[in-house]
Amino acid sequence: MKKFLTLLMLTIMLLGLAGCGGNTESKAEQRDAYPADGKITVLIPKAQGGGTDTSARDMLYFMKKELQGSKFVPVNRPEGNGITAMAELAKSKPDGHTLGMVTVELAMIPHQGKASVSHKDFVSICATTVAPAALIVSGEFPVWSLDEFVRYAKANPGKIRVGNSGTGSIWHLAALNFEKEFGVIFKHVPYPKGVADIAVAMEGKHIDAALADPAAFRSRLNSGAVKMLAVTTNVRLQAYPKIPTFRELGHPMTIRAWAVLAAPKDTPKERVEILRKAAAKICGSKEYKELLRKQGDVPVSIIGDDCDRMMAEDTAFYGKLLTNNQKQDRSSNTK
(Lines give C-alpha, C1' and ligand atoms only; values in the text may rest on other atoms or scores of the structure.)
Protein backbone atom coordinates (compact mmCIF):
# COMPACT_ATOMS: atom_id res chain seq x y z
CA MET A 1 0.00 0.00 0.00
CA LYS A 2 2.85 2.34 0.91
CA LYS A 3 4.55 1.60 -2.41
CA PHE A 4 1.29 2.34 -4.24
CA LEU A 5 0.86 5.67 -2.44
CA THR A 6 4.46 6.59 -3.11
CA LEU A 7 4.09 5.83 -6.82
CA LEU A 8 0.82 7.79 -6.94
CA MET A 9 2.44 10.84 -5.35
CA LEU A 10 5.40 10.67 -7.72
CA THR A 11 3.02 10.44 -10.68
CA ILE A 12 1.07 13.48 -9.47
CA MET A 13 4.31 15.45 -8.97
CA LEU A 14 5.57 14.56 -12.46
CA LEU A 15 2.26 15.55 -14.02
CA GLY A 16 2.38 18.83 -12.11
CA LEU A 17 5.90 19.54 -13.31
CA ALA A 18 4.92 18.70 -16.86
CA GLY A 19 2.00 21.07 -16.55
CA CYS A 20 4.23 23.85 -15.23
CA GLY A 21 6.68 23.25 -18.02
CA GLY A 22 3.89 23.48 -20.56
CA ASN A 23 2.67 26.77 -19.05
CA THR A 24 6.18 28.20 -19.06
CA GLU A 25 6.61 27.30 -22.70
CA SER A 26 3.23 28.82 -23.51
CA LYS A 27 4.20 32.07 -21.78
CA ALA A 28 7.52 32.12 -23.61
CA GLU A 29 5.78 31.63 -26.93
CA GLN A 30 3.32 34.38 -26.06
CA ARG A 31 6.16 36.65 -25.03
CA ASP A 32 7.97 36.04 -28.31
CA ALA A 33 4.98 36.61 -30.57
CA TYR A 34 5.16 39.49 -33.06
CA PRO A 35 5.81 42.34 -32.51
CA ALA A 36 7.62 41.46 -29.26
CA ASP A 37 9.89 38.94 -30.99
CA GLY A 38 12.69 41.39 -31.84
CA LYS A 39 13.73 44.95 -32.58
CA ILE A 40 11.64 46.83 -35.15
CA THR A 41 13.67 49.47 -36.98
CA VAL A 42 11.62 52.43 -38.20
CA LEU A 43 13.30 54.52 -40.92
CA ILE A 44 12.37 58.21 -40.81
CA PRO A 45 13.27 60.01 -44.06
CA LYS A 46 13.52 63.43 -42.42
CA ALA A 47 15.70 65.11 -39.80
CA GLN A 48 14.80 65.21 -36.12
CA GLY A 49 12.39 67.92 -35.01
CA GLY A 50 10.29 68.26 -38.15
CA GLY A 51 6.66 67.32 -38.58
CA THR A 52 7.35 63.86 -40.00
CA ASP A 53 9.84 63.00 -37.26
CA THR A 54 7.61 64.28 -34.46
CA SER A 55 4.50 62.52 -35.74
CA ALA A 56 6.41 59.26 -36.20
CA ARG A 57 7.85 59.32 -32.69
CA ASP A 58 4.44 60.17 -31.23
CA MET A 59 2.89 57.14 -32.94
CA LEU A 60 5.73 54.83 -31.90
CA TYR A 61 5.42 55.99 -28.28
CA PHE A 62 1.77 54.93 -28.26
CA MET A 63 2.52 51.75 -30.25
CA LYS A 64 4.93 50.63 -27.53
CA LYS A 65 2.21 51.14 -24.93
CA GLU A 66 -0.45 49.38 -26.99
CA LEU A 67 1.72 46.45 -28.12
CA GLN A 68 3.34 45.22 -24.92
CA GLY A 69 6.93 44.06 -25.30
CA SER A 70 7.44 45.74 -28.67
CA LYS A 71 10.74 47.48 -29.36
CA PHE A 72 10.42 50.20 -32.00
CA VAL A 73 13.71 51.96 -32.81
CA PRO A 74 13.42 55.16 -34.89
CA VAL A 75 16.34 55.95 -37.20
CA ASN A 76 16.52 59.32 -39.00
CA ARG A 77 17.72 59.11 -42.60
CA PRO A 78 17.16 62.53 -44.27
CA GLU A 79 19.70 62.01 -47.06
CA GLY A 80 18.51 62.72 -50.59
CA ASN A 81 15.40 64.51 -49.29
CA GLY A 82 14.24 61.20 -47.87
CA ILE A 83 14.43 59.24 -51.11
CA THR A 84 17.35 57.17 -49.79
CA ALA A 85 15.40 55.97 -46.75
CA MET A 86 12.22 55.21 -48.72
CA ALA A 87 14.18 53.26 -51.32
CA GLU A 88 15.93 51.31 -48.54
CA LEU A 89 12.60 50.53 -46.91
CA ALA A 90 11.17 49.24 -50.20
CA LYS A 91 14.09 46.79 -50.50
CA SER A 92 14.04 45.68 -46.85
CA LYS A 93 13.13 42.15 -45.81
CA PRO A 94 9.31 42.03 -45.57
CA ASP A 95 9.13 40.43 -42.14
CA GLY A 96 7.62 43.28 -40.11
CA HIS A 97 10.93 44.14 -38.44
CA THR A 98 11.73 47.05 -40.74
CA LEU A 99 9.09 49.73 -41.04
CA GLY A 100 9.39 53.32 -42.12
CA MET A 101 7.74 56.62 -42.83
CA VAL A 102 6.90 57.40 -46.43
CA THR A 103 6.14 61.03 -47.19
CA VAL A 104 4.25 62.98 -49.84
CA GLU A 105 7.45 63.25 -51.89
CA LEU A 106 6.78 59.60 -52.74
CA ALA A 107 3.87 60.84 -54.88
CA MET A 108 6.25 63.06 -56.86
CA ILE A 109 9.28 60.81 -57.31
CA PRO A 110 7.80 58.70 -60.15
CA HIS A 111 7.20 61.88 -62.18
CA GLN A 112 10.62 63.39 -61.50
CA GLY A 113 12.81 60.48 -62.53
CA LYS A 114 14.71 60.59 -59.22
CA ALA A 115 14.12 56.94 -58.29
CA SER A 116 11.96 53.98 -59.25
CA VAL A 117 10.30 53.70 -55.83
CA SER A 118 6.56 54.42 -55.60
CA HIS A 119 3.56 53.86 -53.30
CA LYS A 120 3.12 50.43 -54.91
CA ASP A 121 6.27 49.24 -53.11
CA PHE A 122 4.62 49.55 -49.69
CA VAL A 123 1.67 48.45 -47.60
CA SER A 124 0.29 51.19 -45.35
CA ILE A 125 -0.30 50.98 -41.62
CA CYS A 126 -1.55 54.49 -40.82
CA ALA A 127 -1.09 58.18 -41.58
CA THR A 128 0.63 59.96 -38.70
CA THR A 129 0.07 63.43 -40.12
CA VAL A 130 -1.72 65.14 -42.98
CA ALA A 131 -0.58 68.76 -42.94
CA PRO A 132 -1.48 71.81 -45.02
CA ALA A 133 0.95 74.34 -46.39
CA ALA A 134 0.80 77.60 -44.46
CA LEU A 135 2.23 80.92 -45.63
CA ILE A 136 4.60 81.85 -42.80
CA VAL A 137 6.84 84.91 -42.69
CA SER A 138 9.49 86.23 -40.35
CA GLY A 139 8.13 88.22 -37.41
CA GLU A 140 9.93 91.31 -38.69
CA PHE A 141 8.80 90.96 -42.31
CA PRO A 142 6.74 94.11 -43.07
CA VAL A 143 3.44 92.44 -44.04
CA TRP A 144 0.46 91.22 -42.00
CA SER A 145 -1.84 89.63 -44.58
CA LEU A 146 -1.81 87.54 -47.75
CA ASP A 147 -2.71 90.56 -49.91
CA GLU A 148 0.10 92.64 -48.41
CA PHE A 149 2.56 89.80 -48.98
CA VAL A 150 1.53 89.50 -52.64
CA ARG A 151 1.83 93.27 -53.18
CA TYR A 152 5.29 93.24 -51.59
CA ALA A 153 6.37 90.28 -53.74
CA LYS A 154 5.21 92.01 -56.94
CA ALA A 155 7.03 95.19 -55.97
CA ASN A 156 10.21 93.22 -55.17
CA PRO A 157 10.51 90.41 -57.76
CA GLY A 158 13.09 87.77 -56.86
CA LYS A 159 13.97 89.39 -53.55
CA ILE A 160 11.82 87.44 -51.07
CA ARG A 161 13.86 84.48 -49.81
CA VAL A 162 11.50 81.50 -49.51
CA GLY A 163 12.74 78.38 -47.78
CA ASN A 164 11.86 74.86 -48.87
CA SER A 165 12.78 71.31 -47.89
CA GLY A 166 14.75 70.62 -51.06
CA THR A 167 14.29 71.11 -54.77
CA GLY A 168 11.24 69.17 -55.93
CA SER A 169 9.95 68.64 -52.39
CA ILE A 170 6.37 69.33 -51.32
CA TRP A 171 7.20 72.76 -49.85
CA HIS A 172 9.19 73.72 -52.94
CA LEU A 173 6.27 72.70 -55.12
CA ALA A 174 3.90 74.68 -52.90
CA ALA A 175 6.04 77.79 -53.40
CA LEU A 176 6.17 77.25 -57.17
CA ASN A 177 2.38 76.98 -57.23
CA PHE A 178 2.14 80.19 -55.23
CA GLU A 179 4.33 81.96 -57.82
CA LYS A 180 2.06 80.83 -60.64
CA GLU A 181 -1.17 81.56 -58.76
CA PHE A 182 -0.18 85.13 -57.89
CA GLY A 183 2.26 86.00 -60.69
CA VAL A 184 5.25 86.61 -58.43
CA ILE A 185 8.89 85.49 -58.34
CA PHE A 186 10.74 84.22 -55.27
CA LYS A 187 14.33 83.43 -54.45
CA HIS A 188 14.12 79.76 -53.46
CA VAL A 189 16.44 78.57 -50.67
CA PRO A 190 16.60 74.79 -50.06
CA TYR A 191 17.01 73.12 -46.66
CA PRO A 192 17.06 69.42 -47.64
CA LYS A 193 17.10 68.12 -44.06
CA GLY A 194 13.53 69.23 -43.52
CA VAL A 195 11.08 71.82 -42.29
CA ALA A 196 12.72 72.09 -38.85
CA ASP A 197 15.74 73.69 -40.51
CA ILE A 198 13.45 76.07 -42.39
CA ALA A 199 11.98 77.25 -39.08
CA VAL A 200 15.46 77.78 -37.59
CA ALA A 201 16.59 79.66 -40.72
CA MET A 202 13.58 81.96 -40.60
CA GLU A 203 14.09 82.78 -36.94
CA GLY A 204 17.75 83.48 -37.76
CA LYS A 205 16.65 85.86 -40.56
CA HIS A 206 18.33 83.78 -43.27
CA ILE A 207 15.01 83.53 -45.12
CA ASP A 208 11.91 85.71 -45.20
CA ALA A 209 9.09 83.25 -45.76
CA ALA A 210 8.01 79.67 -46.42
CA LEU A 211 4.99 77.65 -47.43
CA ALA A 212 5.29 74.77 -45.01
CA ASP A 213 3.74 72.73 -42.21
CA PRO A 214 2.74 75.14 -39.42
CA ALA A 215 3.33 72.47 -36.75
CA ALA A 216 7.10 72.90 -37.08
CA PHE A 217 6.74 76.63 -36.34
CA ARG A 218 4.42 76.32 -33.35
CA SER A 219 6.75 77.61 -30.63
CA ARG A 220 7.95 80.44 -32.87
CA LEU A 221 4.39 81.39 -33.75
CA ASN A 222 3.55 81.57 -30.07
CA SER A 223 6.58 83.75 -29.35
CA GLY A 224 5.99 86.09 -32.29
CA ALA A 225 9.28 85.16 -33.99
CA VAL A 226 7.24 84.28 -37.09
CA LYS A 227 3.76 85.11 -38.41
CA MET A 228 1.25 82.88 -40.21
CA LEU A 229 -0.79 84.68 -42.88
CA ALA A 230 -2.95 81.96 -44.48
CA VAL A 231 -3.37 78.18 -44.77
CA THR A 232 -4.16 75.90 -47.73
CA THR A 233 -7.10 74.09 -46.16
CA ASN A 234 -10.81 74.04 -46.89
CA VAL A 235 -11.61 75.20 -43.33
CA ARG A 236 -9.62 77.08 -40.72
CA LEU A 237 -7.29 75.12 -38.47
CA GLN A 238 -8.69 74.45 -35.01
CA ALA A 239 -5.34 75.40 -33.47
CA TYR A 240 -5.31 78.74 -35.33
CA PRO A 241 -8.93 79.85 -35.74
CA LYS A 242 -7.98 83.46 -36.56
CA ILE A 243 -5.85 82.53 -39.57
CA PRO A 244 -7.80 82.63 -42.87
CA THR A 245 -7.64 80.01 -45.58
CA PHE A 246 -6.48 80.75 -49.11
CA ARG A 247 -9.88 79.57 -50.28
CA GLU A 248 -11.86 82.13 -48.29
CA LEU A 249 -9.52 84.83 -49.63
CA GLY A 250 -10.43 83.83 -53.18
CA HIS A 251 -7.57 81.45 -53.99
CA PRO A 252 -8.60 77.75 -53.77
CA MET A 253 -5.09 76.38 -53.24
CA THR A 254 -5.13 73.03 -51.43
CA ILE A 255 -1.75 71.43 -50.88
CA ARG A 256 -1.41 68.62 -48.32
CA ALA A 257 1.67 66.91 -47.05
CA TRP A 258 1.37 63.52 -45.43
CA ALA A 259 3.51 61.02 -43.64
CA VAL A 260 2.48 57.37 -43.52
CA LEU A 261 3.88 54.57 -41.40
CA ALA A 262 4.37 51.69 -43.83
CA ALA A 263 5.96 48.30 -44.35
CA PRO A 264 7.56 46.80 -47.46
CA LYS A 265 5.05 45.10 -49.74
CA ASP A 266 4.69 41.35 -49.14
CA THR A 267 5.01 41.80 -45.38
CA PRO A 268 2.83 39.04 -43.86
CA LYS A 269 -0.80 40.18 -43.70
CA GLU A 270 -1.27 38.98 -40.14
CA ARG A 271 1.62 41.16 -38.95
CA VAL A 272 0.38 44.18 -40.88
CA GLU A 273 -3.07 43.65 -39.40
CA ILE A 274 -1.68 43.64 -35.85
CA LEU A 275 -0.07 47.03 -36.49
CA ARG A 276 -3.15 48.44 -38.23
CA LYS A 277 -5.47 47.45 -35.39
CA ALA A 278 -3.14 49.04 -32.85
CA ALA A 279 -2.88 52.22 -34.96
CA ALA A 280 -6.67 52.46 -35.33
CA LYS A 281 -7.11 52.22 -31.56
CA ILE A 282 -4.40 54.83 -30.97
CA CYS A 283 -5.76 57.29 -33.54
CA GLY A 284 -9.18 57.07 -31.90
CA SER A 285 -7.88 57.68 -28.40
CA LYS A 286 -8.46 60.96 -26.56
CA GLU A 287 -4.87 61.01 -25.24
CA TYR A 288 -3.33 60.77 -28.71
CA LYS A 289 -5.64 63.39 -30.23
CA GLU A 290 -4.95 65.80 -27.39
CA LEU A 291 -1.19 65.41 -27.84
CA LEU A 292 -1.43 66.26 -31.54
CA ARG A 293 -3.59 69.30 -30.88
CA LYS A 294 -1.10 70.60 -28.32
CA GLN A 295 1.60 70.32 -30.97
CA GLY A 296 -0.52 72.30 -33.44
CA ASP A 297 -1.21 69.27 -35.62
CA VAL A 298 -4.59 68.12 -36.90
CA PRO A 299 -5.56 64.66 -35.58
CA VAL A 300 -6.33 62.22 -38.38
CA SER A 301 -7.46 58.61 -38.50
CA ILE A 302 -6.49 57.21 -41.88
CA ILE A 303 -5.69 53.51 -41.59
CA GLY A 304 -4.48 50.82 -43.99
CA ASP A 305 -6.24 50.71 -47.35
CA ASP A 306 -7.44 54.31 -46.94
CA CYS A 307 -3.79 55.39 -46.77
CA ASP A 308 -3.02 53.39 -49.89
CA ARG A 309 -5.85 55.18 -51.71
CA MET A 310 -4.65 58.58 -50.50
CA MET A 311 -1.15 57.90 -51.80
CA ALA A 312 -2.49 56.71 -55.15
CA GLU A 313 -4.71 59.80 -55.48
CA ASP A 314 -1.86 62.19 -54.74
CA THR A 315 0.49 60.36 -57.09
CA ALA A 316 -1.99 61.11 -59.88
CA PHE A 317 -2.56 64.69 -58.63
CA TYR A 318 1.11 65.63 -58.42
CA GLY A 319 1.74 63.92 -61.74
CA LYS A 320 -0.60 66.39 -63.43
CA LEU A 321 0.81 69.28 -61.42
CA LEU A 322 4.43 68.51 -62.28
CA THR A 323 3.58 67.86 -65.94
CA ASN A 324 1.91 71.27 -66.18
CA ASN A 325 4.90 72.95 -64.52
CA GLN A 326 7.30 71.27 -66.93
CA LYS A 327 5.22 72.35 -69.93
CA GLN A 328 5.14 75.94 -68.68
CA ASP A 329 8.90 75.91 -68.09
CA ARG A 330 9.54 74.63 -71.62
CA SER A 331 7.21 77.25 -73.02
CA SER A 332 9.03 80.01 -71.11
CA ASN A 333 12.42 78.77 -72.34
CA THR A 334 11.36 78.94 -76.01
CA LYS A 335 10.19 82.54 -75.81
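Results, tabulated for the structure shown:
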{"quantity": "Where a residue in the range 270-288 is in contact (Cβ under 8 Å) with a residue 60 or more places away in the chain and its partner, wherever it lies, is of a type in the set (Lys, Arg) and in a helix (DSSP H, G or I), with Cβ under 9 Å and at least six apart", "calculated": "ILE282/LYS65; CYS283/LYS289"}
{"quantity": "Residue satisfying all of: in the range 222-236; within 22 Å of MET202 (Cα to Cα) and in contact with a strand residue (DSSP E or B) (Cβ under 6 Å, 6 or more places away or on another chain); surrounded by the fewest Cβ atoms within 10 Å (Cβ to Cβ) among these", "calculated": "MET228"}
{"quantity": "Among residues of the range 67-89, those that are farther than 20 Å from TYR191 by Cα and in contact with a Gly (Cβ under 9 Å, 6 or more places away or on another chain), counted", "calculated": "4"}
{"quantity": "Top-ranked residue of the range 50-82 - restricted to ones that are closer than 19 Å to THR129 by Cβ and of a type in the set (A, V, I, L, M, F, W, C), ranked as nearest to the chain's Cα centre (by Cα)", "calculated": "ALA56"}
{"quantity": "Set GLY296, GLY304, GLY284: member being of a type in the set (Gly, Ala, Ser) and over 17 Å from the mean Cα position of the chain (by Cα)", "calculated": "GLY284"}
{"quantity": "Filter pass, GLU148 being over 24 Å from GLY51 (Cα atoms), modelled with pLDDT under 95 and charged (D, E, K, R)", "calculated": "no"}
{"quantity": "Count - residues of the range 146-171 that are in contact (Cβ under 8 Å) with a residue 40 or more places away in the chain, among the small types (Gly, Ala, Ser) and farther than 18 Å from MET202 by Cβ", "calculated": "1"}
{"quantity": "Any chance ALA210 is part of a helix (DSSP H, G or I), small (Gly, Ala, Ser) and over 16 Å from the mean Cα position of the chain (by Cα)", "calculated": "no"}
{"quantity": "Condition check for ALA259: among the small types (Gly, Ala, Ser), free of Cβ contacts under 8 Å to residues at least 60 places away in the same chain and buried (at least 21 other Cβ atoms within 10 Å of the Cβ)", "calculated": "no"}
{"quantity": "Qualifying residue in the range 297-315 (condition: part of a loop (DSSP other than H, G, I, E, B), within 25 Å of HIS97 (Cβ to Cβ) and β-branched (Val, Ile, Thr))", "calculated": "yes"}
{"quantity": "Filtered residue count, the range 213-237, keeping only those that are among the hydrophobic types (A, V, I, L, M, F, W, C) and not in a helix (DSSP H, G or I)", "calculated": "8"}
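Listed here are the residues, each with its yes/no results for (1) farther than 27 Å from GLY194 by Cβ; (2) of a type in the set (Asp, Glu); (3) out of contact with any His (no Cβ under 6 Å at 6 or more places or on another chain).
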{"position": "ALA257", "(1), (2), (3)": "no, no, yes"}
{"position": "ASP266", "(1), (2), (3)": "yes, yes, yes"}
{"position": "VAL272", "(1), (2), (3)": "yes, no, yes"}
{"position": "LEU275", "(1), (2), (3)": "no, no, yes"}
{"position": "ALA280", "(1), (2), (3)": "yes, no, yes"}
{"position": "CYS283", "(1), (2), (3)": "no, no, yes"}
{"position": "LEU291", "(1), (2), (3)": "no, no, yes"}
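The values are calculated or read from the model by the stated rules, or taken from the named source; none is laboratory data. This one's a predicted model, so the numbers in the text were calculated from it and none came from an experiment. Glycine also receives a Cβ, built like all others from the backbone with ideal geometry; neighbour counts cover every protein chain displayed.
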